[in-house]
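Worksheet: one structure, shown below.
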Amino acid sequence: MDHGYGFYLDEYQRDVGVHTEDRRGHIECPDSAGFLAAHLPVFDLAAGSVGAFASAIDRAAGHWTLNPERIAASFSSDRLFRTGGEPINGFSEYSGFFAARDGWVRTHGNYPHHRDRLLTILELEPGSPKEAVAQRISELSAIEIEQQAAEIGAIAVRARTETEWRLSEQCAAARSAPLVSIRAREMGEPRALPTRPRVLDLTRVIAGPVATRALALVGAEVLRIDPPAIPEIGWQHLDSGQGKRSALLDLKSSEGATAFRELLETADVLVTGYRPGALEALIGQDLPAHLIHGRVSAWGWQGPWADRRGFDSIVQAASGISFLEGGEKPGALPAQALDHASGYFLAAGILDALTMRSHDGRGRAVDVSLAGTCARLLDAPGRTLHPGLPTAPGFGAVVNHGDVTTARPALAEFEDYPSPAHSWGSDPAEWAH
């Protein structure tokens, strides 16, 4: 039996200050069976994050048995995803490892605006091919590319060793922050725990959407909102959008900001990936006192990189994980586990914050970061020098929605995500607080 996942359950329970009877003892997981095998204990991280979510669903510490294949499928959903029977490529040609003059650089150019900024710092014409990107990077210093990317909002990082990362200020900031932080705001009147919390989702890619998808799974009404000018990548929207409704809304317009303020008044939860204060500046007011505000970031809210953009693959490269998994030529974890695990930890924190609010009426900020999750993975017991090849989840761990095939929910007690999504326009009487 693998019990390393208990490390993460203990971390979660301590950080959020939950004192129910031994939650860890009621979460059971069979042997990993080779799923998510890596040099680092990735399966333990995955199982621990899903276990934290299960424990937050059932604060009475009911018994949960986790399914290793379902967890691995959920965390590897990009590899199992099919549309019309065809697989997808999760990364564009502008995303990946490139050899620089003095080391390795990991780039992320899946979104057009990030791709264009990357080409700008490389002094390349729009639409330049991957070969031109590789040639230009080979002529430059890795740290120079990283610094220029940070200055203009492009996404590129120098691949570091674990030792280099542990000596950095940003690593120290990530390790000193809680895995999941729950901070109470103003006092308020107690509100009954809603049966179907209303959730506004302003996140994209993986961590935030995984959190709100998990909340939809247990009955939340989730409304996913995207800006019209920067649409989400289509397959990612399908992969993480089960059980949600979606809309386009321009918060930079006066009409959009007004509509969003009205949505906030009826919402229980807001999930964002904005920098601190950015959303309030857009809508022209503070968030309602009753709101649970879940926030996800790449690097956390302290340290010299707090304002930088980043994704799972970028954090892996900066933290030394890429060299741990790949050797002299950097590699990657068998899944984007930092993203997925952070999403489940965030969902767990939001459920616990809603329960806390039902007692004292106080809204709360719930924070997670990919770097914080990464710090726990690097510090956790269970490394191995010879992990072997990971076992691939089978297609018994997927579900079909029309011509779209996606991974089943990680918790085996649930066979599918809600379909169709719960209606945001339900009778308000059902949402009496």
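A few points about this structure:
- Pair list, Cβ < 8 Å and 6+ apart or interchain, from region 379-400 residues that are assigned by TED's automatic domain parsing to the domain that holds Leu36 to residues that are at pLDDT 85 or above and surrounded by fewer than 10 Cβ atoms within 10 Å (Cβ to Cβ): Val399/Glu415
- Residue within region 71-90 that is outside any loop (DSSP other than H, G, I, E, B), over 21 Å from His340 (Cβ atoms) and either of a type in the set (S, T, N, Q) or over 20 Å from the mean Cα position of the chain (by Cα) (or both) present: yes
Residue by residue, here is whether (1) outside the structural domain of Ser369 (by TED's automatic domain parsing); (2) of a type in the set (Gly, Ala, Ser); (3) over 16 Å from Thr203 (Cα atoms); (4) not in a helix (DSSP H, G or I) holds:
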{"site": "Val271", "(1), (2), (3), (4)": "no, no, no, yes"}
{"site": "Leu279", "(1), (2), (3), (4)": "no, no, no, no"}
{"site": "His293", "(1), (2), (3), (4)": "no, no, no, yes"}
{"site": "Ala306", "(1), (2), (3), (4)": "no, yes, yes, yes"}
{"site": "Arg309", "(1), (2), (3), (4)": "no, no, no, yes"}
{"site": "Gln316", "(1), (2), (3), (4)": "no, no, yes, no"}
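- Search result, residues across region 393-421 that are among the aliphatic types (A, V, I, L, M) and assigned to a loop (DSSP other than H, G, I, E, B): Ala410, Leu411, Ala412, Ala421
- With respect to (1) within 23 Å of His108 (Cα to Cα); (2) touching a Phe, Trp or Tyr at 6+ places or on another chain (Cβ under 7 Å); (3) modelled with pLDDT of 90 or more, the lone exception for Trp235 is condition (3).
- From the list Arg275, Arg261, Arg213, the one residue that fits, being of a type in the set (Lys, Arg), in the same structural domain as Arg82 (by TED's automatic domain parsing), surrounded by fewer than 17 Cβ atoms within 10 Å (Cβ to Cβ) and assigned to a helix (DSSP H, G or I), is Arg261.
- Of everything listed in (1) touching a Ser or Thr at 6+ places or on another chain (Cβ under 8 Å); (2) outside the structural domain of Lys244 (by TED's automatic domain parsing); (3) of a type in the set (Gly, Ala, Ser), the single unmet condition for Ala132 is (1).
- Criterion applied to Ala56, Ala37, Ala61 was being part of a loop (DSSP other than H, G, I, E, B), in contact with an Asp or Glu (Cβ under 6 Å, 6 or more places away or on another chain) and either among the hydrophobic types (A, V, I, L, M, F, W, C) or modelled with pLDDT of 95 or more (or both), and the one residue passing it is Ala61.
- Some residue of region 328-347 being under 19 Å from the mean Cα position of the chain (by Cα) and modelled with pLDDT under 90: no
- In region 342-390, of all residues being charged (D, E, K, R) and part of a helix (DSSP H, G or I), the one that is nearest to Ala410 (Cα to Cα) corresponds to Asp352.
- Of the residues making up region 303-360, those that are among the small types (Gly, Ala, Ser), closer than 21 Å to Gly388 by Cβ and either out of contact with any Phe, Trp or Tyr (no Cβ under 8 Å at 6 or more places or on another chain) or without any contact (Cβ under 8 Å) to a residue 24 or more places away in the chain (or both) are Gly326, Gly327, Gly331, Ala332.
- For region 278-305, a residue qualifies if it is under 21 Å from Ala192 (Cβ atoms) and small (Gly, Ala, Ser), and the qualifying residues are Ala289, Gly294.
- Leu193 assigned by TED's automatic domain parsing to the domain that holds Asp10 and in contact with a helix residue (DSSP H, G or I) (Cβ under 6 Å, 6 or more places away or on another chain): yes
- Across region 103-153, the qualifying residues are those that are basic (Lys, Arg) and farther than 24 Å from Gly320 by Cβ, and the one among them that is surrounded by the most Cβ atoms within 10 Å (Cβ to Cβ) is Arg115.
- Screening Ile27 on (1) at pLDDT 90 or above; (2) touching a helix residue (DSSP H, G or I) at 6+ places or on another chain (Cβ under 6 Å); (3) among the β-branched types (Val, Ile, Thr) shows it passes everything except condition (1).
- Selection count, region 112-146, where residues are hydroxyl-bearing (Ser, Thr, Tyr) and not in a loop (DSSP other than H, G, I, E, B): 2
- Flag if Ala192 is part of a helix (DSSP H, G or I) and either within 20 Å of Arg261 (Cα to Cα) or not polar (S, T, N, Q) (or both): no
- Consider region 165-210 and keep the residues that are of a type in the set (Ser, Thr, Tyr) and buried (at least 19 other Cβ atoms within 10 Å of the Cβ). The one that is nearest to the chain's Cα centre (by Cα) is Thr203.
The values are calculated or read from the model by the stated rules, or taken from the named source; none is laboratory data. These numbers come from a predicted model, not from an experiment. For neighbour counting, all protein chains shown are included, and Cβ atoms are generated from backbone atoms with ideal geometry for every residue, glycine included.
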